[in-house]
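Scroll down for the structure; my scribbles are underneath it.
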Amino acid sequence: MKKLMRVSGWLPVLFLVLNLSFLLGTKVWADDLAGFVGKSGTLRISGGTAHIPVMKEIAGLIMKRATEIRISVAGGGSGLGIKQVGEGLVDIGNSGRKPTSNEVQKYGLILYRWALDGVGVIVNKDNPVQSLSQSQLQEIFSGRIKNWSQLGGVDKKITLVSRDQASGTRKVFWKKALEKGDISSRALVVSSNGAMKSAVLHNPYAIGYASLGFLDDTVAAVALDGVAPTLANVRSGAYPVVRGLFSNTKGSVSGLTKEFINFLYSQKGQEIILRKGLIPVAQ
Amino acid sequence: MNRVYDCLLYFSAGICGLLLLGAVAGLTGFLLWHGLPVLGLELFFGSLKIGEIVDVIFLQQVVVDGLWPAVVGTCLLVLMALSTALPLGLGAGIYLAEYAGGKAKTLFSLTFDLLAGVPSIVIGLFGFSLTLYLHRQFSSLTPCLLISGLSLALLVLPYLVRTTQTALEDLPDSLRLTAAALGAEKSATIILVLLPQALPGIFSGVVLAIGRAAEDTAVIMLTGVVATAGIPRSLFDNYEALPFYIFYTASQFSDQHELQQGFGAALVLLIICVLLFTGAGLIRKKASYRLLYHSK
Amino acid sequence: MSGTLQVVFSGRRLLFLVTAGGVFVTLSILVFMIVLGLPLFTSNSFSLILTQDWAPDRGFFGIFPFICGTLAIVTLSLLLAFPLSLGNAVLIHLLLPPVAAKFLHRVVKMMTGIPTVIYGFVGIFLLVPFVREWFDSGSGMSILSAALLLALLISPTMILVFVESFAAIPKSQVRAVAALGGNLRQKLIYLYLPGAQNGILTGLLLATGRALGDTMIALMVAGNATAQPESLLDPVRTLTAHIALVMAADFDSIEFKTIFACGIILYLWTATLTLTLRFLPYGVLKSRLNRGLS
Amino acid sequence: MIVEKIVEIKNISFFYGERQVLSNISISFAKQTISAITGASGSGKSTLLSTINRLWEEVGGARVEGRVKIWLEGQEIDVYERQISLPELRRKVGMVFQIPNPLPMSIYKNLTLPLKMAGIKNRDLQREKVESVLKDAFLWSEVEPRLHEDARNLSGGQQQRLCIARAMILEPEVLLLDEPTSSLDEGAVFEIENLLLSLKERCSLLMVSHDLAQVRRVADSAVELVAGSLQ
């Protein structure tokens, strides 16, 4: 009992500190984020992992400004994003492929394509093989070419890295780069673009594929039939393995979800998208 | 010839010891080497200044590039799991030790043994599918802190039951007889005599349970933990947690800074868990002494 | 005071309900998985799931490679961990001078507190590159890497159980052998190993359970490839890792349903282990086990 | 008559931690006799016995000062001078304990274990020795049909005779007996005493006992220990 009294004696002090910090926390800003200030609530985002860097950055910005807002960002893959938003488990479901008309109809999805992305083949920086033909790529991923020496590289086994079934990146890569050819079951399986990049970064003999947003100088992007996977080549249409990045909602939305989607198309939002290595698309 | 065998025995046992110690030293050394340099306020609060950190603690400021939300998430998880499992575990433990008898006792304790053996990912799967099922009934429920906490409670429940039960059963019967001879009812015997005596044993079970709840990754991975969420405002929010942060970073860090954060997080979790496990014995001794001899 | 007593006294029924609740939940885990996996039993024959390969692109949803992967990793880790644990238990209980033995015992106890995810984390950055370069085969993410880490994870459990069961051997018997001129090796062969048989088996079963149930190490360092393994250096996917990976899939798909098959298999395996343990005659050891070990 | 010594204890002091259990004891025992050590419980009788086969070393925290000499096949050996390995010493100096301690294995295996440990692997020889030692212990007729049953199923007196047989199977020169009958009933005591008297020809027996009547019945000589010193 005595203990309780002692604790309750601290309450006014606590209150004061709380209020003070609240005053310090609310500063007025006038820019694209202004729409969030004063709002509160929770926004759940999940799905495509190519979207994550952009989503995380924006979520951080918003939460820092409007501390009553909570935004959670999860991965899981495009398939999961579409499914979860459809079932109402999240507010925004991201996908790295266009949801099928079946999915759109079933759940009444509304699609927002806010960026253009390519799927690039990546190898370790130290790998001398940095250019492949499409047919070579298909042979590699089907497991028919097993050793880098067959491609003019070192005499080491090739480590294939692939993604799981829920991945939109996998689907696009499989369709457009492999032309629906086999992917060997000996391939390592990772569950996100980030994991793909770090797998290739750490294994000098690995080959994988990832969103352009994840390509930087830590890994080597492989030119496909002589065309490097760069933003410029995607924009010009020279690089073939291209896809849109979608954020999907169930039906038309309002409030926080709407503000978030709008921010993706705002000037600041498009800046962030570009900075993360993707090509922003106007609404 | 015998001498040769003897030497062989000493030699191979010695090798085993060295291998084990070497592995542990390698593991902790590796984490310390990479983790110690980043251990500091920045690891937890990112680029925030000291003044802002106070705001963080009162939820007026958000940490975006630090471990703080994960630490808070893990603490909340442990709290949730324990506050659910402790009363249940104690109750079931007392029942099994003092009331149940015959077939019921065998059957019940067998079931708790079964539960103790169920892999954590299967418990996570259970929590996840239960959520899916409930979501179809009440659309507002999604994987969240509440579900994770309850699933973890399920994970640690058998530890609590078993430690309570054995702590009570290990007490000498003379204790029960003495209490009975003094005219105490069974319930009074349990509360006033047996439980205080069994407390050290029960306590070690609680510590074990905290450790399990804090380190488990498989359960929460399926039931609501996410990479970025901030501090949860309610039981129905997503959350971050230390072990998941470590797993996430290990597989998909994008730069050196994130990797460093991962090492920092691993070191923090290691320190927490090891302190919990080794400190438990110490506190246990002290607690039982205070309880039994230092009454005020 | 009497108020509290009253509550507990009438609370006998409450205690029973609590206990029964725990029992109910344990059983409902299995029921839930069977119900949710039901479409699997009806639409696709269950035996196909158990025996086929995993190739969703071609319509194969078998989890056989994952069963193989799980068994391969668990077996190898036990093969590695058993002698290691026995050696350390012998060191602790018989060979080392008291101070050193106490130190090693402490370290082993501390090891039980190391989170699994940390083994995985260190494994990725320390062990995997090592295995890749040393054995010069593929990615380094392999049965071997996972089994090595898993061996480290399960050894403390085994060592502690072994030491406990060595300690449970009556001093009088130890003296008898000593008085007959038995040296350490002979004590071990003629007294400790046979005397601790049940303890050793218990330790092995407990460790097997832990190894079977582990998710993080396999998920992080075994590579998760869907092919059937052919060598120790092949990447594999375990049942547990399959659950963790595919749970992100479309809930209505067959792929998603297969994780319930994995769940059921894991549940049945661990239940068998628990039942075996339960019917081992291990008397004293058991209460010791329940108290401190998992 | 010249008495041939078998064991000589010289200035033995024994410490258990800080506590001194034996202080400066010197005594010698004659060959092929039964020598008794008597005294109240806690006077250090058993400890004194354990200094001869160094069994105290099995328990931590103890320390010994002084010397113990034994004569094996006429050769003088200092027990604490590493002239003889510990296992070898214990094979030559057998010991029987207060509470019978058959090992958790069959009767037959209890008896062959010391042989195996001493490197005697010949099966026929083992069988032969088992039979003769059981006969010597007046146990053969009782246990012959159940040689392969658990030794712990025997009665207390039988167990103790088995333990004596087990100690004798290596043909030790000295047999240490630590209150060998105190846990047994009267009939069994009588049988054991008979057995001990019959063993006298083959080896020297050192027996700790607090039963003065027993000492009078079987011992050729006796000394008394009081609080760790000879009286």
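Worth a mention:
- Estimated buried accessible area (total), pair B and C, 1.4 Å, Å² to nearest 100: 7200 Å²
- Accessible area in square angstrom per residue, chain A, 1.4 angstrom probe: 43 Å²
- Close amide-amide hydrogen proximity is noted between D:Leu177 and D:Val96, D:Leu206, D:Met207, D:Val208, each under 5 Å apart and 5 or more residues distant or on a separate chain (H modeled in the peptide plane; Pro and chain starts excluded).
- Nearest-ten-degree value, helix B:2-35 long axis tilted from longest Cα axis of chain B: 50 degrees
- FRET E, pair C:Ala100, D:Arg152, Förster distance 56 Å, beta-carbon r, rounded to 0.05: 0.95
- Contact with the other protein chains removes 50 Å² or more of accessible area, compared with the isolated chain and a 1.4 Å probe, from these residues of the range A:176-209: A:Ser185, A:Arg186, A:Leu188, A:Val189, A:His202.
- Per residue, the Cα convex hull of chain C amounts to 202 Å³.
- Solvent-accessible area per residue, Å², over the range C:66-293 with all protein chains present [probe radius 1.4 Å]: 31 Å²
- Euclidean distance between Cα centres, the range B:175-205 to the range B:143-157, Å: 31 Å
- Surrounding net charge for C:Asn224, when Lys and Arg each add one and Asp and Glu each subtract one, Cβ distance under 10 Å: 0
- Computed from backbone phi with θ = phi - 60° and the Karplus coefficients 6.51, -1.76 and 1.60, the 3J(HN,Hα) list for the range B:111-128 is 5, 5, 4, 4, 4, 4, x, 5, x, 5, 5, 5, 5, x, 4, 4, x, 5 Hz; x is used for glycine and proline.
- The alpha-carbon of A:Lys64 sits under 23 angstrom from the alpha-carbons of these lysines, leaving out residues fewer than 8 places away in its chain: A:Lys27, A:Lys39, A:Lys56, A:Lys258, A:Lys268, A:Lys276, B:Lys49.
- Cα-based Kirkwood hydrodynamic radius, the protein assembly as shown, one decimal, Å: 33.5 Å
- At least 40 Å² of accessible area lost relative to the chain alone, listed for the range C:104-125 with a 1.4 Å probe: C:Met110, C:Gly113, C:Ile114, C:Pro115, C:Val117, C:Ile118, C:Phe121, C:Val122, C:Phe125
- Interface residues of the range C:209-227, defined as a loss of at least 40 Å² in heavy-atom accessible area between the chain alone and the complex of all protein chains with a 1.4 Å probe, are C:Met216, C:Ala227.
- Degrees, to the nearest 10: B:256-293 long Cα axis against longest axis of chain B: 20 degrees
- Under a model in which nothing but the beta-carbon of Lys, Arg (+1) and Asp, Glu (-1) is charged, chain C shows a dipole of about 1740 debye around its Cα centre.
- Chain A packed on chain C takes about 2200 Å² of accessible surface away from a 1.4 Å probe, both sides summed.
- Note, ³J(HN,Hα) from phi for the range C:156-169, Karplus 6.51, -1.76, 1.60, rounded to Hz, x at Gly and Pro: x, 4, 5, 4, 4, 5, 4, 4, 4, 6, 5, 5, 7, 6
- The B-A contact accounts for roughly 2800 square angstrom of buried accessible surface, both chains included, probe 1.4 angstrom.
- Positive-end ranking of D:Ile99, D:Cys163, C:Val23 along the dipole of the protein assembly as shown, with charges on Cβ about the Cα centre, is headed by C:Val23.
- Note on the protein assembly as shown: dipole from Cβ charges, positive end direction compared against C:Pro170, D:Leu197, A:Val219; the farthest Cα belongs to A:Val219.
- Cut-off under 5 Å, modelled amide H: who pairs with C:Gly138 long-range: A:Lys157
- Viscosity 1.306 mPa s, temperature 10 °C, Stokes-Einstein D of the range D:5-230 from Kirkwood C-alpha radius, µm²/s: 89 µm²/s
- The alpha-carbon atoms of chain B define a convex hull whose volume equals 233 cubic angstrom per residue.
- Net dipole in debye of the protein assembly as shown [+1 Lys, Arg Cβ; -1 Asp, Glu Cβ; about Cα centre; nearest 20]: 1500 debye
- Carbon/sulfur fraction of accessible area - the range C:89-200, other protein chains in place, 1.4 Å, %: 65 percent
- Estimated distance in nm for a label pair at B:Ile271 and B:Thr106, the labels positioned 7 Å out from Cα along Cα-to-Cβ: 5.1 nm
- Summed over the residues of the range D:1-141 and divided among them, the accessible surface reaches 47 Å² per residue at a probe radius of 1.4 Å.
- Positive-end extreme of charge dipole, chain B - chosen from B:Thr249, B:Ile271, B:Pro37 (charges on Cβ): B:Ile271
- Relative to the dominant Cα principal axis of chain D, helix D:107-117 is inclined by about 60°.
- Hz values of 3J(HN,Hα) by residue in the range C:227-242 - Karplus curve (6.51, -1.76, 1.60), Gly and Pro given as x: 7, 6, x, 10, 9, 5, 9, 7, x, 9, 10, 8, 4, 5, 5, 4
- Euclidean distance of C-alpha centroids, the range A:50-120 and the range C:150-169, integer Å: 48 Å
- Point-charge dipole on Cβ atoms (K/R +1, D/E -1) for the range D:32-74, about Cα centre, debye to 20: 120 debye
- Kirkwood Rh in Å, taken over the range D:16-70 so that all alpha-carbon pairs contribute: 12.5 Å
- Residues whose amide H comes within less than 5 Å of that of C:Thr226, counting only those at least five positions distant or on another chain, are A:Ala187 (H built at 1.01 Å from N in the peptide plane).
- Of the accessible area of the range B:51-295, computed with a 1.4 Å probe over protein heavy atoms only, carbon and sulfur atoms account for 67 percent.
The values are calculated or read from the model by the stated rules, or taken from the named source; none is laboratory data. None of these values were measured; they are calculated from a predicted model. Neighbour counts run over all protein chains shown; Cβ positions are idealised from the backbone, glycine included. With ligands, DNA and RNA removed, areas are computed over all heavy atoms of the protein, side chains included. Shrake-Rupley method; radii C 1.70, N 1.55, O 1.52, S 1.80 Å.
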